[in-house]
Amino acid sequence: MRYVLLILIVILPLTAFALLPEEQLANPQDEARARHLATELRCLVCQNQSVDESDADFAITIRSIIREQITAEKSDAEIRSYLRQRYGDYILYAPPLRGATLLLWGAPLLLLIGGIILIIATRRPHRRPRRPHRRQGKAP
């Protein structure tokens with residue numbers, strides 16, 4: 001238990017240093033907006049990390065694009081749209097509901113239904129129909 005706690009103490013603060021000091025905007029409101037947008041975007045290089053948490057080169061590039069767009073006074077929707085056109089819907093943690101993303105949105109429900117069916121199918125006893133008992137010997 002002590003080792004787990006020690007590992008958590010060492011690893012958890014590392015995500016706080018993902019943002020490089022030279023990346024920050026001078027205006028605190030713009031910086032907060034950039035950080036919020038970065039939390040809504042998925043790093044395509046890392047496994048299930050937001051652009052804000054990741055220190056991969058891709059995430060650094062996306063954060064700089066976000067800050068450039070904010071400096072150019074683009075709205076949040078315009079920034080998301082720009083990044084979505086450039087990198088696809090997968091960059092968004094909440095992609096829009098369209099034909100191409102329908103499976104992405106419906107997959108958890110399909111997996112849940114499939115799991116329930118599998119559990120019911122394996123838990124239900126399979127009964128064989130009983131055959132009448134045959135007597136050995138001659139019939140009267």
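Rule-based calculations on the coordinates, nothing more; no lab input. Keep in mind that what you see is a predicted model, and the values were worked out from it rather than measured. Cβ atoms come from the backbone with ideal geometry, glycine included; neighbour counts cover every protein chain shown.
Of note:
- For segment 92-97, the Karplus equation 6.51 cos²θ - 1.76 cosθ + 1.60, evaluated at θ = phi - 60°, returns couplings of 8, 5, 10, x, x, 7 Hz by residue, with Gly and Pro reported as x.
- Cα gyration tensor shape of segment 12-93, rounded if a/c is under 1.5, else prolate or oblate by comparing a/b with b/c: oblate
- Charge dipole (debye, nearest 20) of segment 72-116; +1 at Cβ of Lys and Arg, -1 at Cβ of Asp and Glu: 100 debye
- Amide H within-cut-off set for residue 92, under 5 Å, with H built and near neighbours excluded: 42
- Karplus-derived HN-Hα couplings along segment 79-85 (A = 6.51, B = -1.76, C = 1.60, θ = phi - 60°), whole Hz, x at Gly and Pro: 5, 4, 4, 4, 5, 5, 5
- Each residue, residue 47 and residue 123, gets one label point 7 Å from its Cα in the Cβ direction; the gap between the two is 3.1 nm.
- Using θ = phi - 60° in the Karplus curve 6.51 cos²θ - 1.76 cosθ + 1.60, the 3J(HN,Hα) couplings for segment 116-122 round to 5, 4, 4, 5, 5, 5, 8 Hz; x is entered for Gly and Pro.
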